[in-house]
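The values are calculated or read from the model by the stated rules, or taken from the named source; none is laboratory data. What you see is a predicted model; the values in this text were computed from it and never measured. Here the Cβ positions follow ideal geometry from the backbone for every residue, glycine too, while neighbour counts run over all protein chains shown. Ligands, DNA and RNA are excluded from the accessible area calculation, which covers all protein heavy atoms including side chains. Shrake-Rupley method; radii C 1.70, N 1.55, O 1.52, S 1.80 Å.
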Amino acid sequence: MNKTELIDHIAGKADISKAAAGRALDALIGAVKGTLKKGGTVTLVGFGTFAVTTRAARTGRNPRTGEAIKIKKGKVPKFRPGKALKDAVN
């Protein structure tokens, strides 16, 4: 499912226009991005938790030359699914 299909689904289920559903989805994504950028977490009970973790610096390999390269440490977003989501998938 891509973003357009998700907007169509939201509009149908919530009985709102596609434009309103698109704005709502964009607002949700913006709120999650903003919170993660500040170092916070977003928890949606029954769905899961979005958080930021720090990935340590490490040594990697250039796949073209095989040369060892240093990869800097960095922040990466993570998602941990909630129990209800896990149960729904299984």
- Task: Kindly check whether there is at least one residue in the range 53-74 that is outside any helix (DSSP H, G or I), open to solvent by 60 Å² or more (accessible area, probe 1.4 Å) and under 25 Å from Thr4 (Cβ atoms).
- Result: no
- Residue that is farthest from Ile7 (Cα to Cα) [pool: residues in the range 27-52 that are open to solvent by 80 Å² or more (accessible area, probe 1.4 Å) and outside any strand (DSSP E or B)]: Lys38
- Considering the range 9-26 alone, what residues qualify as being open to solvent by less than 70 Å² (accessible area, probe 1.4 Å) and free of Cβ contacts under 8 Å to residues at least 12 places away in the same chain? Ala11, Gly12, Ala14, Ser17, Ala19, Ala20
